[in-house]
Amino acid sequence: MAAGWYATALLLPRLRRCVSTMPCQLLRCDPASITFNASGEPNFTADATRDALSIASHHLVALKRPVVFPTETVYGLGALALDGTAASLIFSTKGRPADNPLIVHVSSMSMLRSILPPDYTLSKTYEALIKHFWPGPLTMLFPRHADIIPNIITAGQSTIAVRMPSHPVARALIAVANAPLAAPSANSSGKPSPTRAEHVHRDLGDKVDIILDGGPCGVGLESTVVDGLGADGHLRVLRPGGVTVEDLQRTLHQELHASGDMPRVLVHRRDYRDDAMELAPTTPGMKYKHYSPSVPVVLVHTLTSPPEGMQLQTAASLVSSLRDRFPDRPVHIGLMTPDDSRLAQLLHGHEGVSWRLFPLGKVTQPAVIAQRLFDGFLTLDREGVDVILIEGVAEVDEGLAIMNRVRKAAGEAAWVSL
């Protein structure tokens, strides 16, 4: 099996040349027209939405072609998770490295059980998390069923990352296709994740056949990925995302405190390090540079002191240093900052500099900032700014996931006094 996965990886450059050149269909779906019965089967009140999902399902199952669909986190590029050839088109379409594993999406608990080893039993921790956060933006690592999960999905790892999306269009598509779907974000590898159908169309519109437009994504950041398979019983957060660490801690305390089986919630790189896993990651977003627009991004820290060797700047000195990079013409700077921050006021007013402000929402509403983050990167990039400044936020609640993404997107950082 491992040799087969490696052979498929070698074919990816060739597969990339075979990506469809057919016109892309943008099919509108109404999430409000979809409901689910107790078994997780979808019901539709809008014929157009039902028809769009039927077309997408046909492409997935009969044609073995990838399809773009909305989730509550970001738009995903999906293909059959149990078909290695179909899944390989995800990598060729995105230009994704073959050693970067994929997340598998299911629509029901019965579908989850069908892809796990028959002798595997859910732990109390996982039962609590599924009860509170599925369907939703939480991905969990499970043992891989080697007989049915292709190696290309897990990049040869012994675990598989699975989640059940809460977006009605995503969950209904999986149910109509009656097959689990592997689906990373629907963008060129390394670029900001799309949160609107138009983001996908501008980026991959000439490489995909179907984009299901279900409106803007509600969360705006990828799912939280956790690993509860360790022998010590603790829950490790491999990637912060749509479910906060505080949410996880509250839920586990509520569900497990009385039993005495209270696991700790440990955040990778904050509470522990695992160099071996970073070299051979079990989940996306750990090894490669991600979320970067085509123009430079500077992370502006205003809440913390600079580390040793870095200087605390004034806003004026930061703008001057950026202005000096473009001595022969005016510089156009994009600024992403909370609505109630003083940074925008301090930065404005310099000769030879024009500004494009993209407000992120209030400091007290990190969920709104998370929802707007990737849209801001993509909007400013499309408008042709020379550089993007983004102000850092406190790493609590959704702020932890926001700063995880911003650090991966930014090529440099500055510390500015307000």
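The values are calculated or read from the model by the stated rules, or taken from the named source; none is laboratory data. Owing to the predicted nature of the structure, the values given are computational and were not obtained by experimental measurement. Don't worry about glycine lacking a Cβ; one is built from the backbone with ideal geometry, like all the others, and counts go over all protein chains shown.
Remarks
- Test for ILE152: is it modelled with pLDDT of 95 or more, buried (at least 22 other Cβ atoms within 10 Å of the Cβ) and within 18 Å of the chain's Cα centre (by Cα): no
- Some residue of segment 315-338 being touching an Asp or Glu at 6+ places or on another chain (Cβ under 7 Å), of a type in the set (Ser, Thr, Tyr) and part of a strand (DSSP E or B): yes
- Meets criteria (surrounded by fewer than 16 Cβ atoms within 10 Å (Cβ to Cβ) and either within 22 Å of the chain's Cα centre (by Cα) or touching a residue at least 40 places away in the same chain (Cβ under 8 Å) (or both)) for SER110: yes
- Considering each residue of segment 24-36 in turn, none proves to be exposed (fewer than 15 other Cβ atoms within 10 Å of the Cβ) and at pLDDT below 95.
- Qualifying positions in segment 104-162 - assigned to a helix (DSSP H, G or I), within 15 Å of PRO180 (Cβ to Cβ) and of a type outside the set (A, V, I, L, M): SER110, ARG113, SER114, THR154
- Restricting segment 319-360 to residues that are of a type in the set (Asp, Glu) and farther than 21 Å from ASP375 by Cβ, the residue that is modelled with the lowest pLDDT is GLU351.
- The criterion of being charged (D, E, K, R) and surrounded by 17 or more Cβ atoms within 10 Å (Cβ to Cβ) holds for GLU398.
- Screening PRO293, PRO263 for residues that are surrounded by 13 or more Cβ atoms within 10 Å (Cβ to Cβ), more than 17 Å from the chain's Cα centre (by Cα), part of a loop (DSSP other than H, G, I, E, B) and modelled with pLDDT of 80 or more leaves exactly one candidate, PRO263.
- A single entry from ARG171, ARG96 fulfils the requirement of being assigned to a loop (DSSP other than H, G, I, E, B), in contact with a Ser or Thr (Cβ under 7 Å, 6 or more places away or on another chain) and in contact (Cβ under 8 Å) with a residue 40 or more places away in the chain: ARG96.
- Extreme residue, modelled with the highest pLDDT, among residues of segment 156-173 that are in contact with a helix residue (DSSP H, G or I) (Cβ under 8 Å, 6 or more places away or on another chain), under 13 Å from THR282 (Cβ atoms) and surrounded by fewer than 24 Cβ atoms within 10 Å (Cβ to Cβ): VAL162
- Consider segment 38-90 and keep the residues that are among the charged types (D, E, K, R) and within 21 Å of LEU204 (Cα to Cα). The one that is surrounded by the fewest Cβ atoms within 10 Å (Cβ to Cβ) is LYS64.
- Scanning segment 313-329 for residues that are aliphatic (A, V, I, L, M) and without any contact (Cβ under 8 Å) to a residue 60 or more places away in the chain turns up ALA316, VAL319.
- Single condition GLY214 does not satisfy, out of (1) at pLDDT below 95; (2) touching a helix residue (DSSP H, G or I) at 6+ places or on another chain (Cβ under 8 Å); (3) of a type outside the set (A, V, I, L, M): (1)
- Qualifying positions in segment 193-206 - in contact with a helix residue (DSSP H, G or I) (Cβ under 8 Å, 6 or more places away or on another chain), under 25 Å from LEU63 (Cβ atoms) and surrounded by 20 or more Cβ atoms within 10 Å (Cβ to Cβ): PRO194, HIS199, LEU204
- Test: residue in segment 350-359 that is assigned to a strand (DSSP E or B), in contact with a strand residue (DSSP E or B) (Cβ under 8 Å, 6 or more places away or on another chain) and among the aromatic types (Phe, Trp, Tyr): yes
So that you can scan it fast, the table gives a plain yes or no per residue for (1) of a type in the set (Asp, Glu); (2) in the same structural domain as PRO70 (by TED's automatic domain parsing); (3) not in a loop (DSSP other than H, G, I, E, B):
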{"residue": "SER193", "(1), (2), (3)": "no, yes, no"}
{"residue": "VAL200", "(1), (2), (3)": "no, yes, yes"}
{"residue": "LYS207", "(1), (2), (3)": "no, yes, no"}
{"residue": "GLY230", "(1), (2), (3)": "no, no, no"}
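- Applying the condition of being farther than 16 Å from VAL416 by Cα and aliphatic (A, V, I, L, M) to segment 300-334 and asking which residue is surrounded by the fewest Cβ atoms within 10 Å (Cβ to Cβ) yields VAL331.
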